[in-house]
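Engineer: Please find one structure pasted underneath; my questions will follow.
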Amino acid sequence: KVADGDSAVGYKAAVTGKAAQKTMGFIEPIFGTFLTGMILSSGSEIDGSQLPGLLIEVEIALFLGQDVTSPLNSRDEAKAVAVEVAPAFELPRIRLADRSAIKAVDMIADNAGATLVVAGQKQPLDSLEDLNQIHAALFKDSRQINQGLASEAMGNQYDALLWLVNKVL
């Protein structure tokens, strides 16, 4: 895809919860890469019938204020490079016929399910009291179908960012 003009624009940490890791037999999270063609603008329409296995997840997108070219050593260093946050919907796609038998190698080979993402309006991180206390809920027809707290990603969003940056590097 890169040879055809696409380029990496971001990364995602996946399987960040200990319970999910245990269920799938993982020893740590994994990551996937978002390419320019995977980023949708708010209000975009997609034809889900063309994307079997598509899921929807409520996420937090962190935006860095600089390129990071060497490993980060602490949560404070992760906080220093992250400058903006936005609500996001990730539309991962699991392309395995039998999801009950998903193994780490399958998820890695499938780019951690990275398929599409829609990020909302960015806001400065310093405008938030505590990034880890963000609570998100997903509703369909006035019925809550999912919810989560930002701290569920590895216990702390900045720890998740620290892990992700260092794994990608």
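The values are calculated or read from the model by the stated rules, or taken from the named source; none is laboratory data. It should be emphasised that the depicted structure is a prediction, and the values quoted were computed from it without experimental measurement. Note that we place each Cβ from the backbone using ideal geometry, even for glycine, and neighbour counts take in every protein chain shown. When the accessible area is computed, the model is the full protein with side chains, heavy atoms only, and any ligands, DNA or RNA have been set aside. Shrake-Rupley method; radii C 1.70, N 1.55, O 1.52, S 1.80 Å.
Engineer: Scan region 93-106 and tell me whether some residue there is at pLDDT 90 or above and touching an Asp or Glu at 6+ places or on another chain (Cβ under 7 Å).
Structural biologist: Among the residues of region 93-106, not one is at pLDDT 90 or above and touching an Asp or Glu at 6+ places or on another chain (Cβ under 7 Å), which makes the answer no.
Engineer: Continuing with the same structure: Taking the criterion of being over 13 Å from L164 (Cβ atoms) and of a type in the set (S, T, N, Q), would at least one residue in region 8-18 satisfy it?
Structural biologist: There is no residue in region 8-18 that is over 13 Å from L164 (Cβ atoms) and of a type in the set (S, T, N, Q).
Engineer: Also: Which of the residues belonging to region 80-117 are of a type in the set (V, I, T) and in contact (Cβ under 8 Å) with a residue 40 or more places away in the chain? Let's see the steps before the verdict.
Structural biologist: Applying the first criterion (of a type in the set (V, I, T)) to region 80-117 yields 81, 83, 85, 94, 102, 105, 108, 115, 117.
V81, V83, V85, I94, I102, I108, T115, V117, listed by residue number.
Engineer: May I pose another question? Run M24 past the list (1) open to solvent by 50 Å² or more (accessible area, probe 1.4 Å); (2) without any contact (Cβ under 8 Å) to a residue 24 or more places away in the chain and report the number of the one that doesn't hold.
Structural biologist: Condition not satisfied by M24: (2).
Engineer: Also, quick follow-up: Consider A136 carefully, then state whether it is of a type in the set (A, V, I, L, M, F, W, C) and either crowded, with 17+ Cβ neighbours inside 10 Å or in contact (Cβ under 8 Å) with a residue 24 or more places away in the chain (or both). Explain how you work it out, then say what you get.
Structural biologist: Values: of a type in the set (A, V, I, L, M, F, W, C): yes; either crowded, with 17+ Cβ neighbours inside 10 Å or in contact (Cβ under 8 Å) with a residue 24 or more places away in the chain (or both): yes.
Criteria met by A136.
Engineer: Which of (1) surrounded by 16 or more Cβ atoms within 10 Å (Cβ to Cβ); (2) of a type in the set (A, V, I, L, M, F, W, C); (3) in a helix (DSSP H, G or I); (4) in contact with a Leu (Cβ under 9 Å, 6 or more places away or on another chain) does A80 not meet, given it meets every other one?
Structural biologist: Answer for A80: the failing condition is (1).
Engineer: Another question, if that's okay. Do the conditions hold for K12, that is, is it in a loop (DSSP other than H, G, I, E, B) and among the basic types (K, R)? Quick ask: steps written out before the conclusion?
Structural biologist: On the way: in a loop (DSSP other than H, G, I, E, B): no; among the basic types (K, R): yes.
Here the answer is no, as K12 does not meet what is asked.
Engineer: Of all residues in region 109-124 being open to solvent by 20 Å² or more (accessible area, probe 1.4 Å) and in a helix (DSSP H, G or I), which is nearest to L64 (Cα to Cα)?
Structural biologist: Applying the filter and picking the extreme gives N111.
Engineer: Checking P52 against (1) modelled with pLDDT of 90 or more; (2) part of a loop (DSSP other than H, G, I, E, B), which single condition isn't satisfied?
Structural biologist: (1)
Engineer: Take the residues in region 86-108 that are farther than 23 Å from L40 by Cα and small (G, A, S), then tell me which one is least open to solvent (accessible area, probe 1.4 Å).
Structural biologist: A104
Engineer: Right, here's the next one. Just to verify a result, which residue in region 38-74, among those that are charged (D, E, K, R) and without any contact (Cβ under 8 Å) to a residue 24 or more places away in the chain, is least open to solvent (accessible area, probe 1.4 Å)? Spell out the reasoning first.
Structural biologist: Here is the first cut: in region 38-74, the ones charged (D, E, K, R) are 45, 47, 57, 59, 67.
With the extra rule that they be without any contact (Cβ under 8 Å) to a residue 24 or more places away in the chain, the set shrinks to 45, 47, 67.
Values: E45: 173, D47: 82, D67: 139 Å².
Only one residue tops the list, namely D47.
Engineer: Write out, first by first residue and then by second, each pair whose Cβ atoms fall under 7 Å of each other, whose residues are 6+ apart or on separate chains, and whose first residue, in region 150-162, is under 15 Å from Q21 (Cβ atoms) while the second is open to solvent by 30 Å² or more (accessible area, probe 1.4 Å) and part of a helix (DSSP H, G or I).
Structural biologist: M154/W163; D159/R75
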